[in-house]
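Report on the following structure.
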Amino acid sequence: MPAVAALWIALAIDRWLGEPAARWHPVVWMGRYLGFIGSRMAPRAADAKPRDLPLLLAGALAWGMGAMLVGMLALALEKSATQWLPGWAIALVLALALKPLFAWRMLRAEVLAVEAALAVSLEAGRAQLARLVSRDVCALSEREVRESAIESLAENLNDSLVAPLFWFVLLGLPGAAVYRFANTADAMWGYRGERNGRDWSWFGKWAARADDVLSWLPARLTVLLLTLAAWRWPLGLTREARRTPSPNSGWPMAAMALLLGVRLAKPGVYALNAEGRPAEAADTQQAARWGGRVVLALAVCASLAILAATR
């Protein structure tokens, strides 16, 4: 029961209070570690080798050390709370520790802010979108800005919500913490080629593959939850999901494109539901509403799974 209570309390904190200050945010701490290591170990683009197995090993070891530290700290907190505190206090401590490991309110707000900015001007929409995505937004049209925002909501519905809570159900607080570390490492290290003057092809390869493995099942679970939210199956899902380079992000993005009936594309890379109509402002609002339903469905399913596991 403390784990179920912690889950709902964490969701309530997310809804009403949002993210903690950066100085208290564990994901920010993870990012500082990853940034420190990456800036010292990833080679300059000019010095990169076409094949560098020692660098792959170094990246794997750096990832493993960070993941182990994160997991051990989360386990120590969870065990200490369970051993020394009453049930209500266990739930509160776990909730406060779990909340920073997922983010729905912030994701929803950022995506809807892109739509609000587009209503002002295309430049304002591009500027707001740049807070969400790492791609170059300077040449995107209004339609492409909107598509990117909806894509980001669908992809991060898995990365920022479903996956961390999936691993919380499976492995407790350490599972959610290690997943969040893995996803953050992929975001900072998992690039093919050059970024910010450094080449990440080999140093970040382990981080990218680890995130692929840990996100594989949650990404497909996100599709099922979106199907529940929309109350229909996205026909042609498998074909569309495989159009993206990622083995995981294509699934929730393709599901969102098909359920909305719109085209979602990354210029020069892929087009999901290419025959669909152009996305409109109402589609962004609908995607956000479905996301809210996913949160509720996920919480109910997660609670039932935890209770079933404790019987």
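The values are calculated or read from the model by the stated rules, or taken from the named source; none is laboratory data. Source: prediction; values computed, not measured. Here the Cβ positions follow ideal geometry from the backbone for every residue, glycine too, while neighbour counts run over all protein chains shown.
For segment 31-53, a residue qualifies if it is touching a residue at least 12 places away in the same chain (Cβ under 8 Å), under 24 Å from Ala182 (Cβ atoms) and in a helix (DSSP H, G or I), and the qualifying residues are Gly31, Tyr33, Leu34, Gly35, Ile37, Gly38, Ser39, Met41, Leu53. Selection within segment 194-237: residues that are modelled with pLDDT of 95 or more and polar (S, T, N, Q). The member of this set that is farthest from Met256 (Cα to Cα) is Ser215. For segment 231-266, a residue qualifies if it is more than 24 Å from Asp212 (Cβ to Cβ), surrounded by fewer than 19 Cβ atoms within 10 Å (Cβ to Cβ) and not aromatic (Phe, Trp, Tyr), and the qualifying residues are Arg232, Leu235, Gly261, Arg263. Out of everything in segment 241-255 that is farther than 12 Å from Ala271 by Cβ and in a loop (DSSP other than H, G, I, E, B), what residue ends up being nearest to the chain's Cα centre (by Cα)? Of everything passing the filter in segment 241-255, Ser249 is nearest to the chain's Cα centre (by Cα).
Across segment 1-52, the number of residues qualifying as in contact with a helix residue (DSSP H, G or I) (Cβ under 9 Å, 6 or more places away or on another chain), closer than 15 Å to Gly204 by Cβ and exposed (fewer than 15 other Cβ atoms within 10 Å of the Cβ) comes to 2. For the criterion of being surrounded by fewer than 21 Cβ atoms within 10 Å (Cβ to Cβ) and among the acidic types (Asp, Glu), Asp199 fails. Within segment 13-30, being in a helix (DSSP H, G or I) and either of a type outside the set (A, V, I, L, M) or touching a residue at least 24 places away in the same chain (Cβ under 8 Å) (or both) holds for Ile13, Asp14, Arg15, Trp16, Arg23, Trp24, Pro26, Val27, Trp29, Met30.
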